[in-house]
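Engineer: One structure coming up, written as structure tokens, with questions to follow.
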Amino acid sequence: MKSLTKASSKKWILLAVISIFIISSCQKQIDQPAKHEETEANDNIHGHLKQTNTYSSDVVLKWMDMQLRLMRTSSPFIGGLPVSRVFGYTGIALYESVVPGMPGYQSLSGQLNQFPNMPTTLPGFAYHWPSNANAAIAAMTRSLFPTASATNNASVDSLENTLNDEYKNSVGLDVFQRSVAFGKSVAQLVFDWAKTDGADHANDAYTPPVGPGLWSPTPPAFAAAFGPYWGNNRLLVAGSLNGVDVPPPPAYSTDPSSDFFKMVKEVYDVSQSLTPEQRATGLYYRDNPGYGGGHYISILKLVLQQEHATLDISALAYAKAGIVAVDAGIGCWAVKYTYNNLRPITYIRSVMGYTTWNPLFATPPFPDYISGHSTIGGAVAEALTSIFGDNYHLTNNTYSFLDMPDQHYTSFYDMAEQIGKSRVYAGIHYTMSCVEGNKMGQKIAKNINNKLKFLK
């Protein structure tokens, strides 16, 4: 009996050990999925840390199209201020919203003029950079187009929501919400900074000086001067105008042998022998109907499409080209209202005696020297060359929707030169105004390239 009891006890002990082992093994099998679920939840919080350059420029291109649409269909689309302002501030907000995902690049905080410190991303947490960009550009668009119609505002909402629906379904709600919050915070800081740049005084009351050779309102509208104080606006880059002074225009004279008379006569002579190609080029940069200064946003869009640029390159190009466009415009307008040089139509009609002469289209309402399109064109050309190189072939089909013939360039410098010539073909500027404007724009962009450090 004792031996039997001992044997039974041993069996019970053995069964107990086996049971514990089985239960323990089963528990491990049950615990394993739980750990996996915990890891998945952790991934949803932190996500996969992708860089900005892993994404396409689709979000940027779509917002460029939207802003161009607003420029074309809103009047006045930005409250009567130069379009370069939209270009510059949108580009900065875009860049700052995605630069944390660009390891070789750095914020422009501490570099741009009175620019506030930008928010920082959470270390180790993932961001979906297209969502950042979408939130930032959408917010800037609403802020920079205060007179947009209800229809256009609905289109802005629709684009933002469509992209948001696409993004939140692909990256998870936590990453998406974190990205949107970051993009909006960047845009708010950038726009608050923009509001202090002095633009609200660009069109303050102005009485132009009167005298021989000085600008006066031109036919047919005889509109008041536009942007007389734009040249006082805060520069985006302090010191960007250092060493960029232009020579004064020729001394005013009605003498047919004078340099001034010859300068004007060239415009008249060109107008009498325009080739179909010259006429088409002159009309192309009328930009009305069209985008005004937003033409440069369209040109950048064409470059980004041709390059199949990734989001990081698009952000860099948008910021750099927009910044130089703003400061070039400020520098140009300061020169315009320093010299107050009269427009060709005034001299050709009143001095040369061709009283019914007209340019290809109405002369813009501000002084001649220097040419705004030429100055901004030169600056943008320099900025784009610094990114995409010289000898760059580009077809500009911005106005194909107006059935206008495409413009072709063999480099960005060639583009800027053609833009300058277009103003002479149109009969609204002198050659000197365009040549010197182009030079000044390039110098401003070179200053900015030397001062701003995008790379770490």
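The values are calculated or read from the model by the stated rules, or taken from the named source; none is laboratory data. Note that this is a predicted model, so its numbers are computed, not measured. Virtual Cβ from ideal backbone geometry, glycine too; neighbours counted across all protein chains shown.
Engineer: What is the number of the single condition among (1) hydrophobic (A, V, I, L, M, F, W, C); (2) crowded, with 24+ Cβ neighbours inside 10 Å; (3) at pLDDT below 95 that Phe87 does not meet?
Structural biologist: Failed condition: (3).
Engineer: Let me ask something additional. Which of the numbered conditions does Tyr268 fail, given that it passes all the others? Conditions: (1) surrounded by 19 or more Cβ atoms within 10 Å (Cβ to Cβ); (2) in a helix (DSSP H, G or I).
Structural biologist: Failed condition: (1).
Engineer: Another question, then. Of the conditions (1) touching a residue at least 12 places away in the same chain (Cβ under 8 Å); (2) touching a Ser or Thr at 6+ places or on another chain (Cβ under 9 Å); (3) under 27 Å from Arg69 (Cα atoms); (4) hydroxyl-bearing (Ser, Thr, Tyr), Ser216 clears all except one; give me its number.
Structural biologist: (3)
Engineer: Here's a follow-up. Determine if segment 100-115 includes at least one residue that is at pLDDT 95 or above, on the phi < 0 side of the Ramachandran plot, of a type outside the set (Gly, Ala, Ser) and assigned to a helix (DSSP H, G or I).
Structural biologist: yes
Engineer: Additional query: Kindly evaluate Tyr127 against the criterion of being assigned to a helix (DSSP H, G or I), of a type in the set (Phe, Trp, Tyr) and in contact (Cβ under 8 Å) with a residue 12 or more places away in the chain.
Structural biologist: Considered against the rule, which asks whether it is assigned to a helix (DSSP H, G or I), of a type in the set (Phe, Trp, Tyr) and in contact (Cβ under 8 Å) with a residue 12 or more places away in the chain, Tyr127 comes out as no.
Engineer: Within the set of pairs 6 or more residues apart or between chains, which connect a residue that is within 23 Å of Ala317 (Cα to Cα) inside segment 67-88 to a residue that is polar (S, T, N, Q) and modelled with pLDDT under 90 with Cβ atoms less than 8 Å apart?
Structural biologist: Filtered contacts from segment 67-88: Ile78/Thr147.
Engineer: Kindly evaluate Gly231 against the criterion of being surrounded by 14 or more Cβ atoms within 10 Å (Cβ to Cβ) and either at pLDDT below 95 or closer than 30 Å to Gln51 by Cβ (or both).
Structural biologist: no
Engineer: Shifting gears a bit: Can you work out which of the residues in segment 42-66 that are part of a helix (DSSP H, G or I) and modelled with pLDDT under 95 is surrounded by the fewest Cβ atoms within 10 Å (Cβ to Cβ)?
Structural biologist: Asn42
Engineer: Follow-up question, since we're still on this one. Can you find a residue that is crowded, with 24+ Cβ neighbours inside 10 Å and part of a helix (DSSP H, G or I) anywhere in segment 74-84?
Structural biologist: yes
Engineer: Scan (1) modelled with pLDDT of 95 or more; (2) assigned to a loop (DSSP other than H, G, I, E, B) for the single condition Glu277 breaks and write down its number.
Structural biologist: For Glu277, the failing item is (2).
Engineer: Also: If you go through segment 369-388 one residue at a time, do you hit one that is among the aliphatic types (A, V, I, L, M), closer than 24 Å to Thr218 by Cβ and more than 22 Å from the chain's Cα centre (by Cα)?
Structural biologist: Looking through segment 369-388, at least one residue is among the aliphatic types (A, V, I, L, M), closer than 24 Å to Thr218 by Cβ and more than 22 Å from the chain's Cα centre (by Cα).
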